[in-house]
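Enquirer: Quick one: the structure is below, and I'll ask about it shortly.
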Amino acid sequence: MKGKRKKYLGAALCLIAAFFMLSGCTASDNSGKIEIEIVQYKPEAANYFTTVQDEFNATHDNIRLKISSPNDAMTILKTRFIREDYPDIIGIGGDINYSYFVDAEILADVSDYEGLNQIKQAYRDIDEALELVPVDGTFAVPYVANAAGVLYNRDMFEEHGWQIPTNWDELNALCAQIQSEGILPFYFGFKDTWTCLAPWNAMAVDLAPADTAKQVNKGQTTFAKEYREVSEKYLELLQYGPEDPFAFAYNDACTAFARGESAMYPIGSYAAPQILSVNPELNIDSFVMPASDDSNGNTLNSGIDLQFCVMADCKNKEAAYEVLDFLYADENIQKYIDAQTAIPCKEGDFTLPSILDGMSDFIAEGNMTDYQDHYYPSEMAVDAQIQTFLLQKDVDAFLTKFDTDWQRYNRDIIRMVQEYEKQHGNAN
């Protein structure tokens with residue numbers, strides 16, 4: 001079965017040659033130190049990682065740490081895999097690329113890493129759910145997460161006496177009330193297609209099964225069935241935004257919200273640095289998107305924003321683990337949280353950004369569900385499909401295309417999953 005998985009996923013990743021042959025990656029420099037190389041995919045955090053690298057190297061005599069934070073890191077990594085030029089550790093998100101890498105067997109099983117015991121189970125479960133088919137072992141150590149819902153102007157809410165909504169009817173009533181007072185409820189930046197995914201994901205976690213993509217791959221359901229309510233409710237949100245939400249890009253929307261041109265902004269916590277760069281004094285809080293008709297049916301849309309994976313070919317796992325221990329020290333995680341408005345995946349007494357106050361109960365309880373788009377192949381361009389749908393407002397056409405394109409872009413994975421199901425029965 002593993003050979004078949006490699007065959008199917010090799011085509012999907014365009015990394016066939018790399019996945020069957022692995023070569024050495026850990027080296028020693030002229031001083032005799034073990035060199036551990038990390039390539040991580042968040043260039044906006046480059047300054048943080050430069051500091052971590054320098055502090056590690058200043059305090060460790062036997063290991064030299066090198067951290068790269070290139071633009072377009074995933075493309076660079078895949079190119080390096082083809083060349084059999086592997087770093088020791090990669091820092092990536094919990095998304096479809098991680099799924100491909102697990103299935104291609106290029107990541108080391110880190111079940112023996114003691115630091116895993118301190119990682120919140122909810123995020124370990126998210127990683128496990130991302131496996132295309134169940135695989136024995138653990139292949140990543142979650143570092144930080146983000147959350148998507150609704151950012152709101154706390155001072156504006158207090159001034160007008162508006163209450164935080166807890167279900168779909170309350171959200172619509174709030175938006176109508178805000179409009180009646182001559183204020184725009186939401187700002188959207190749908191000129192940038194990726195921003196269309198933020199409200200989609202935040203509503204989908206309430207309205208569709210968390211494993212919708214997996215159920216479709218098994219032939220147990222369709223997106224037309226599971227995504228109808230999400231699609232219909234998304235169209236309802238448009239009436240509460242600017243007249244032409246497609247005229248504004250992400251930066252435009254962040255700037256408008258920062259200047260008080262809307263009461264709310266349905267986006268992820270990752271937008272906070274951009275918003276506050278425009279107006280550092282803005283008092284922002286957030287709440288979970290209340291897409292459910294039942295106030296008890298909401299969950300926080302939270303996914304793994306950054307996690308570290310040791311490559312299967314790393315020659316010195318002990319040194320790699322020593323690096324991870326340093327990265328996962330509480331003081332370093334707190335520095336990252338402060339710099340990037342992030343949520344720690346590690347258990348501990350961390351101080352969360354005030355922007356997450358309204359989501360803190362969900363975070364503490366572990367009541368969170370991963371982004372649906374973490375299961376979507378990039379080739380399918382779901383963000384662009386959603387943008388087109390919001391322009392055309394044809395639910396049936398959108399859902400039909402979604403199902404058709406899914407079969408087209410996932411046919412190898414679907415074949416692999418269904419073969420696994422035949423061999424193992426109703427596996428999760």
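Enquirer: Residue under question is I76, and the condition is that it be in contact with a strand residue (DSSP E or B) (Cβ under 9 Å, 6 or more places away or on another chain) and buried (at least 17 other Cβ atoms within 10 Å of the Cβ); does it hold?
Expert: no
Enquirer: While we're looking at this one, here's another question. Could you grab me the full set of residues in segment 278-304 that are touching a residue at least 24 places away in the same chain (Cβ under 8 Å), of a type in the set (S, T, N, Q) and either in contact with a helix residue (DSSP H, G or I) (Cβ under 6 Å, 6 or more places away or on another chain) or surrounded by fewer than 24 Cβ atoms within 10 Å (Cβ to Cβ) (or both)?
Expert: Those that are touching a residue at least 24 places away in the same chain (Cβ under 8 Å), of a type in the set (S, T, N, Q) and either in contact with a helix residue (DSSP H, G or I) (Cβ under 6 Å, 6 or more places away or on another chain) or surrounded by fewer than 24 Cβ atoms within 10 Å (Cβ to Cβ) (or both): N283, S286, S292, S295, N298, T299, N301.
Enquirer: Residue under question is W194, and the condition is that it be surrounded by 16 or more Cβ atoms within 10 Å (Cβ to Cβ), touching a residue at least 24 places away in the same chain (Cβ under 8 Å) and closer than 23 Å to E232 by Cα; does it hold?
Expert: Answer is no for this residue.
Enquirer: Do the conditions hold for G241, that is, is it in contact with a strand residue (DSSP E or B) (Cβ under 8 Å, 6 or more places away or on another chain), farther than 26 Å from A342 by Cβ and among the small types (G, A, S)?
Expert: It is true that G241 is in contact with a strand residue (DSSP E or B) (Cβ under 8 Å, 6 or more places away or on another chain), farther than 26 Å from A342 by Cβ and among the small types (G, A, S).
Enquirer: Sort out for me the helices (runs of 4 or more DSSP H) sitting completely within segment 305-383 that have 2 or more residues that are more than 26 Å from G137 (Cβ to Cβ).
Expert: 330-340, 360-365
Enquirer: Does A27 meet the test of being surrounded by 14 or more Cβ atoms within 10 Å (Cβ to Cβ), modelled with pLDDT under 95 and out of contact with any helix residue (DSSP H, G or I) (no Cβ under 7 Å at 6 or more places or on another chain)?
Expert: Considered against the rule, which asks whether it is surrounded by 14 or more Cβ atoms within 10 Å (Cβ to Cβ), modelled with pLDDT under 95 and out of contact with any helix residue (DSSP H, G or I) (no Cβ under 7 Å at 6 or more places or on another chain), A27 comes out as yes.
Enquirer: Another question about this same structure. Quick check on E421: is it over 23 Å from the mean Cα position of the chain (by Cα), in a helix (DSSP H, G or I) and modelled with pLDDT under 95?
Expert: Against the criterion (over 23 Å from the mean Cα position of the chain (by Cα), in a helix (DSSP H, G or I) and modelled with pLDDT under 95), E421 qualifies.
Enquirer: Taking segment 104-124, which residues are under 19 Å from the mean Cα position of the chain (by Cα) and more than 25 Å from K66 (Cα to Cα)?
Expert: K120, Q121, A122, Y123, R124
Enquirer: Every residue in segment 158-196 that is within 14 Å of A253 (Cβ to Cβ) and either hydroxyl-bearing (S, T, Y) or under 28 Å from the mean Cα position of the chain (by Cα) (or both), please.
Expert: If the condition is that a residue be within 14 Å of A253 (Cβ to Cβ) and either hydroxyl-bearing (S, T, Y) or under 28 Å from the mean Cα position of the chain (by Cα) (or both), then P185, F186, Y187, F188, G189, F190, K191, D192, T193, W194, T195, C196 are the ones that fit.
So that you can scan it fast, the table gives a plain yes or no per residue for (1) of a type in the set (F, W, Y); (2) loosely packed, with under 14 Cβ neighbours inside 10 Å:
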{"residue": "G358", "(1), (2)": "no, no"}
{"residue": "D396", "(1), (2)": "no, yes"}
{"residue": "D403", "(1), (2)": "no, no"}
{"residue": "Y409", "(1), (2)": "yes, no"}
{"residue": "E419", "(1), (2)": "no, no"}
{"residue": "G425", "(1), (2)": "no, yes"}
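Enquirer: I'm trying to understand the selection: among the residues of segment 222-232, which are surrounded by 18 or more Cβ atoms within 10 Å (Cβ to Cβ) and more than 17 Å from Y409 (Cα to Cα)?
Expert: Within segment 222-232, E226, Y227, E229, V230, S231 qualify.
The values are calculated or read from the model by the stated rules, or taken from the named source; none is laboratory data. Note that the structure is predicted; figures quoted are calculated from it, not measured. Backbone-built Cβ (ideal geometry, glycine too); neighbour counts: all protein chains shown.
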